[in-house]
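The structure appears below as structure tokens.
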Amino acid sequence: MELMEIRIVKRAQKGDRLAFAELVELYKDKLYNLGYRMLGNPQEAEDIAQEAFLRAYKNLDKYNASHKFSTWIYRIATNLCIDRMRKKKASYSLDAEVDGIEGGDMYTRLSSPDLGPEDEVMRTETQREVQDAIEALPENYRAAVILKYLHDMSLQEIADVLEVPVSTVKTRIHRGREALRAGLRHQSR
Amino acid sequence: MSTSHMNERMHQYLDEELTGAELEEFESHITTCADCQSELKELDSAMHQFAQTDWVKAPAGFTENLMEQLNAMHPPKRNWRVPIMKYTGVAAAVLLVFGLGVSITAPEKFALQADNTQGLVVADNKVIVPAGTEYNGDLVIQNGDVEVRGKVNGNVTTLNGRVYRMAGADISGETEEVDQAAEKVAYYAKRLWHDLAK
Ligand SMILES: [Zn+2]
């Protein structure tokens, strides 16, 4: 698998579009899922995944095989998610008042405009509680717990993706766990 | 929400970082301390719930859309294209020939022999059975590779080419790579294609 991937990346670097399409096939669900959990809705998840691949394509020559390709592509996607979350946070604080008047909470605002089939799934109570709890986490903690618990990454891999020391990843995961514990305990009461 | 006196240890435990005496000490403490017990239970069930969330997948057509966008943004220098062949309802065997003046007796050219091309991605010198798709019938690829990521209910044969089984590949029939001199390939091509034609 790993060797196969290295060959595909090499072909893509030489300009083979089909090889790039294969990489997209290999990673599209992973990046989409990451975006979905980080941002909370299908439209933004798709945007982020697309943007991540387009960036990867533009910067393919900068990728060097001393790192795993997965680390590299996850890093691009995670950074895009974190950027977008920060921008969103800024705009939420601006129109928080409007939200208050309309009485819609953040969750319905995020997910109601475009209800895809995936979103239907989210509407089950537990799923929704979990997503709410995820969305209450600060972006750095969120990325760390999502990569660990949903993408099965080791602490070292997460550290490589986020470009921070392993000790920092541990701290984020500890705090992320505590926050999820608080969020889910509160919600299920 | 309260965090107990053992909170730090608890997270080390969850990260599987405790060993030997530390681990024993922690585990025996847990059995006697109700606070720690309920705290660990809460953490455990929260993370369990979290890990159980649905694995949502990219929407259908994601790759095709992306490649289209990419081609619009960066027009290919060579004549690279990712044509998606959409021949539906073709009952009889269809011979798809790429290149000029190709026939069975011109074995140096890329050709695909298939019962139909539904769901197949066909590009220069390569055929892909995409992940999540199911192809019913035999595939014969001449002077090209085939990459199987989905399911093939039939045989897969390449003449002067490779069969790549990717993760998720499932081929019910035989897989054969015939890599021989041109005459031999021509012979195989004729035989196999004759078999397929009837
Ligand atoms: Zn205790």
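Assorted remarks:
- Region A:1-97, dipole about Cα centre (Lys/Arg Cβ +1, Asp/Glu Cβ -1), debye to the nearest 20: 400 debye
- Area of residue B:176 that stays accessible when all protein chains are in place (1.4 Å probe, Å², to 10): 80 Å²
- Interatomic Cα distance distribution for region B:3-52, bins of 5 angstrom, percent: 5, 21, 30, 26, 13, 5, 0
- Length gained on full extension, residue A:58 to residue A:90: 8.7 nm, using 0.36 nm per residue less the C-alpha separation.
- Inter-chain shielding of B:66-74 (mean C-beta neighbours from other protein chains, 10 Å cut-off): 4
- Estimated FRET transfer efficiency when R0 is 41 angstrom, pair residue A:6-residue B:7 (beta carbons, to 0.05): 0.45
- Cross-link pairs A:10/A:89; A:58/A:87; A:28/B:41; A:14/A:148; A:58/B:126; A:62/B:151 - those with Cα-Cα distance over 30 Å: A:10/A:89; A:28/B:41; A:14/A:148; A:62/B:151
- Per atom type, region A:1-77 shows carbon and sulfur on 50% of its accessible surface, probed at 1.4 Å.
- Distant-in-sequence amide H partners of residue B:135 (H built 1.01 Å from N, under 5 Å): B:151, B:152, B:153
- The label point for residue A:14 and the one for residue A:166, both projected 7 Å from the Cα toward the Cβ, are 3.7 nm apart.
- With R₀ fixed at 45 Å, the C-beta to C-beta distance from residue B:31 to residue B:73 puts the FRET efficiency at about 0.15.
- Summed buried accessible area for B+A [probe radius 1.4 Å, Å², rounded to 100]: 4800 Å²
- What the Cβ-Cβ distance of residue B:48 and residue B:24 gives, at R0 = 22 Å and to the nearest 0.05, is a FRET efficiency of 0.35.
- Going from the isolated chain to the complete set of protein chains, region A:3-21 loses at least 20 Å² of heavy-atom accessible area (1.4 Å probe) at A:4, A:7, A:16, A:17, A:18, A:20, A:21.
- Within region A:1-97, the ratio Rg/Rh, alpha carbon atoms throughout and Rh by Kirkwood, equals 1.06.
The values are calculated or read from the model by the stated rules, or taken from the named source; none is laboratory data. Only a predicted model underlies this, so the values are computations on that prediction, with no experimental measurement involved. No Cβ is skipped: glycine too gets one built from the backbone with ideal geometry, and neighbour counts run over all protein chains shown. Keep in mind that these areas ignore ligands, DNA and RNA; they rest on the heavy atoms of the full protein, side chains included. Shrake-Rupley method; radii C 1.70, N 1.55, O 1.52, S 1.80 Å.
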